[in-house]
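This report concerns only the one structure given below.
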Amino acid sequence: PLVGVLCGVLWYVCANLPLPAMVRAAGFCLIPIWVTGGIHLDGYADTCDALCSYGDTQKKLDILKDPHCGAFAVIRLCSYFVAYFALCCCVQFTPQVGAVWLLALVLERACSGYAVAAFPLVRRVLGCLSIVLAVALFALGGGVLVLAAGVALWRYHRVAVKQFGGITGDLAGWFLQKAELYMLAALVFCQWKGFL
């Protein structure tokens, strides 16, 4: 979750630099990659390839282990970045939006950690953190982002169990990227509707 804090702080710094709007939006897109080294995008790409194979569970798991990037990974990554960049162009950054987005970035990572945590104490801590973050987001007017994270988490569980027989590191990266994109769309929606 602390990686989410760092990404949120860097978003705030980027928002306050005297940059043209498109450059600022590009910075918003690149910050999570610079901070994480793109590890979650790797999982996203591998999972997209596996899901698009329509093979059985074992074939999908084999695709996750394959170090090569398939056509569907490239297509989905390009689509992801076009959508992410377009949404970043729509964000009207304010201190409230910065706080909401920082909490959302922490929430997605808390949810991801919660989903993979094997130790009950870790699960409890991350579950409580997720609840606290959700309450804070609702209080700041970002309740739609919590709903978006919930949808992403529900989809993550469903895909992981049904398509792969459980959670893997690549699936965790896939979830994180999906949750971030869903919450960014929710952020733009909240601004468009005047909630933020």
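Rundown of residues vs (1) surrounded by fewer than 20 Cβ atoms within 10 Å (Cβ to Cβ); (2) of a type outside the set (G, A, S); (3) over 15 Å from D170 (Cβ atoms); (4) in contact with a His (Cβ under 6 Å, 6 or more places away or on another chain), yes/no style:
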site: F28; (1), (2), (3), (4): no, yes, yes, no
site: I33; (1), (2), (3), (4): yes, yes, yes, no
site: G43; (1), (2), (3), (4): no, no, no, no
site: Y54; (1), (2), (3), (4): yes, yes, yes, no
site: D66; (1), (2), (3), (4): yes, yes, no, no
site: G70; (1), (2), (3), (4): yes, no, no, no
site: S79; (1), (2), (3), (4): yes, no, yes, no
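Yes/no per residue for (1) crowded, with 16+ Cβ neighbours inside 10 Å; (2) closer than 15 Å to C48 by Cβ:
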| residue | (1), (2) |
| --- | --- |
| V146 | yes, no |
| V159 | yes, yes |
| G165 | no, no |
| D170 | yes, yes |
| G173 | yes, yes |
**OP:** Please go through the stretch 144-196 and pick out each residue that is among the β-branched types (V, I, T) and free of Cβ contacts under 8 Å to residues at least 60 places away in the same chain.
**Re:** V144, V146, V151, V161, I167
Original post:
Within the stretch 90-127, how many residues turn out to be under 19 Å from H157 (Cα atoms) and either surrounded by fewer than 21 Cβ atoms within 10 Å (Cβ to Cβ) or of a type in the set (D, E, K, R) (or both)?
Top reply: 15
Original post:
Can you name the condition, by its number, that V132 falls short on among (1) farther than 16 Å from C7 by Cβ; (2) touching a residue at least 40 places away in the same chain (Cβ under 8 Å)?
Top reply: (2)
Original post:
Mind checking whether some residue in the stretch 183-195 is crowded, with 18+ Cβ neighbours inside 10 Å and closer than 20 Å to K60 by Cα?
Top reply: no
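Read-outs throughout are calculated quantities, based only on the coordinates presented, and are distinct from any laboratory measurement. Being a predicted model, the structure only gives us computed values, none of them experimental. Note that each Cβ is placed from the backbone with ideal geometry, even for glycine, and that neighbours are counted across all protein chains shown.
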